[in-house]
């Protein structure tokens, strides 16, 4: 079984979209893949309750309880790697996980660590993407699914979706329109990666 581990810090709407796609498209039967656990660095992340309600294992690792970023990432790797199987290591999916990961963590999951970013990368890496796109006068914005590398928001692109920037847009209204596309392309990109990994 290919175990998928999703990391969140908040409501986990992308996480929910992935779980629902896995159920509706029968990833377990078709690919031997399942969302095995949802892990958060915040105990009050509301996405944890939703995941638990779906019968998915959840865990909390409070990053504030660790002396360094490296210590936190090492503990997180231990929890994730408990879901490794003899057939395959876990696939790690960042879904609103608000932590910059250490190079050691990224290297450990190279090729199996995904993120979604609310811009058309390489444009507007980092934070405040929607406000920056509007301020720059962009006519289009969007979302990007990419493999995570040591350089923030610069890994190989797996999928993108484009939305128009409307004259009356605020960062909030643009964010909502982009988010609806995130919920579509993230599960699709994960499914394609699973298929690719199964063929190797």
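Values computed for the structure shown
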{"item": "DSSP-defined beta bridges in the chain - what % are antiparallel, rounded to 5", "result": "40 percent"}
{"item": "Principal-axis tilt of helix 69-81 within the chain, Cα atoms, nearest 10 degrees", "result": "60 degrees"}
{"item": "Rounded FRET efficiency, nearest 0.05, which uses the C-beta distance separating residue 78 from residue 127 and R0 of 30 Å", "result": "0.55"}
{"item": "Mean separation of Cα contacts under 8 Å (6+ apart) over length of the chain, as relative contact order %", "result": "20 percent"}
{"item": "Zone of residue 154's modelled label, taken as backbone nitrogen in the range 122-143 under 18 Å from a point 7 Å along Cα→Cβ", "result": "122-127"}
{"item": "Helix 13-24 vs. the chain, principal-axis angle (Cα, 0 to 90°, nearest 10)", "result": "60 degrees"}
{"item": "Cα centroid of the range 160-191 to Cα centroid of the range 102-141, whole Å", "result": "13 Å"}
{"item": "Angle between the chain longest axis and helix 171-199 axis [Cα atoms, degrees, rounded to 10]", "result": "40 degrees"}
{"item": "Theoretical ellipticity at 222 nm over the chain - DSSP helices of four or more residues, -39500 (n - 2.57) apiece, nearest 500", "result": "-12000 deg cm²/dmol"}
{"item": "Inter-label distance for residue 166 and residue 110, nm, one decimal - labels placed 7 Å from Cα along Cα-to-Cβ", "result": "4.5 nm"}
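Throughout, read-outs are computed from the coordinates displayed, never taken from laboratory work. Note that the structure is predicted; figures quoted are calculated from it, not measured. Cβ atoms come from the backbone with ideal geometry, glycine included; neighbour counts cover every protein chain shown.
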